[in-house]
1. Nearest 0.05, what FRET efficiency do Ser199 and Val82 give at R0 = 51 Å with Cβ-Cβ as r?
2. Given an 8 Å cut-off on Cα distances and at least 6 residues of separation, report the relative contact order of region 47-144 as a percent.
3. If the cut-off is a Cα-Cα distance under 19 Å, which lysines reach Lys320, setting aside same-chain residues fewer than 8 apart in sequence?
4. Give me a comma-separated list of calculated 3J(HN,Hα) values for region 90-103, in order, Karplus coefficients 6.51, -1.76, 1.60 applied at θ = phi - 60°, integers in Hz, x for any Gly or Pro.
5. Which whole-Hz ³J(HN,Hα) couplings does region 75-87 yield from phi under the Karplus relation 6.51 cos²θ - 1.76 cosθ + 1.60, θ = phi - 60°, glycine and proline marked x?
6. Could you list which residues have their amide H under 5 Å from that of Met146, counting only those 5 or more apart in sequence or on another chain, with H placed in the peptide plane?
Amino acid sequence: MTALKACIVLRGRVWIAIAGLCVFIMAAIPAWQTYWRTRRGGEQHGLVFHSTEKNYGLVLRGRPVPFEFRFKNVGLSSVTIVDTTVGCACAEVKVLPSRIAPGRGGVVKGTIRFSRRGDNVQESIVIRTSDSRAYNLRLYGDVIEMYTVAPERLDFGTVYWDDILEGTVDISAASAGGFAETLELMPGHSTNTIDARLSCMKKGKWRLYVNVKTPLDESVYQRILLKTDSQNGQQIEIPVLAKVMLPVTVEPRTLLLGNVSEDEKVQREIVLETRPGLEVKDLRISASIIVVSLKRRQAIGNVGKMEVELDCSGVKGLVKDALVIETGSPKAVVHLPIIAFVSPRPSIEE
C-alpha cells in the first residue's frame, strides 16, 4: 500500500509539472516571437491590410461603386479606429469593428462616386488608429461621363427679337459593364420663351428639340435640365444662349424734359434705326399721360429722324411717362421713358 500511494503521488506531481510547463510555453511564445522579430528587424505592429489599392478600370462619373479592404491586427494589443478621412465628399465609409483585438480582423467598406472626369482619377481614404498610425487606401478609375451631349450648349449668337430659333441636341448614355440609363425632361422647362421636347431615338440615345422665342431683352440665358434614373439622380444642364437685337433702337434712351409749364409744348428730336426690312415709316407713337404728336419725319431706309411734340396740358408735378414706339409687321414695341416736372400755369392777377 505504501508503494501504491507513493506511485499515485509521483504520478500527480508529474501531471502538475507538465501543466506548469505548458503554461510557461504558452506565456513564452509571444515574447519569443517579439524577440525574433526584433532581431530580424521585421517587428509588426497594428493593422496589416491585404491590399491598400483598388482599380475599377472604366467607371461612370457620378455612379456609386462599392469597395472593400480587409485587414488584421498583427500587434500585441487592441487597436481602436479613431478617425476616417475621405479625400472628397463623394464616399461613404464604414470600418467594422471599431475596436480590433490582437489577431482579429476587420473590414473597411462603403461606396464612392467619382466626381472628376479623366484617366486614372484617384481618390483616397485615410484610416487613423489609437496607436497613432495612419493607413492610406487608394481608389483608381478611368472616369467617363454618364452621358455625352452634342453640342454641350445651344448658342444662337446675335438674333432679332421676333426670330424663332430652333436647335437640336443629341444625347447618348455611356455603356460600361452593361450599365444603361433612363432620361427625362424635368418639369417646368416648357415656358413662353423655351419649348423643349425630348425624344428617344433608340435605346440609350435621345434627341432634344428646342424652340426659342426671343423676348424683348438684350440677352437670353436659359437652362434646360434633364434628370437620370432615381438610382443616381444626376442632372444634365444644357445652357441656351442668344444675344437679342431689338427691332428698333432709339437715341436718346430717355427724354428728359426738365422744368416745363402746364401749357407748354416741348419738341424733341429722336433718331431711330430699325432692323433690315422694317422701314421707319411703319412706326406709330403714343404715350399714356403726355399728349404726343409727330411734327416731322425724315427716313432713309431703316435709319431715320423724327421730331415729336409733347403737350403737358392737364398734368402737374413730377411726371413719368413713356413714349411707345410700335412697329407694323412684324410687330414690336419699344418704350422710351419721359421724365418732366410740370409747373402750374401762372395765375393772372386782376
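1. Numbers: r = 55 Å, r/R0 = 1.07.
Taking R0 as 51 Å, the efficiency between Ser199 and Val82 is 0.40.
2. Numbers: 232 pairs, mean separation 36.2, N = 98.
Reported as a whole number, the value is 37 percent.
3. Partners found: Lys265.
4. In residue order, the calculated couplings are 10, 10, 10, 10, 10, 10, 10, x, 7, 10, 10, 6, x, x Hz.
5. 3J(HN,Hα) across region 75-87, in whole Hz: x, 9, 9, 5, 10, 10, 6, 9, 7, 10, 10, 10, x.
6. The answer is Arg61.
Every number here is computed from the coordinates shown, using simple stated rules; none is lab data. As the structure is a computational prediction, the values presented were derived from the model and not from experiment. With ideal geometry, Cβ positions are generated from the backbone for all residues, glycine too; neighbour counts draw on all protein chains shown.
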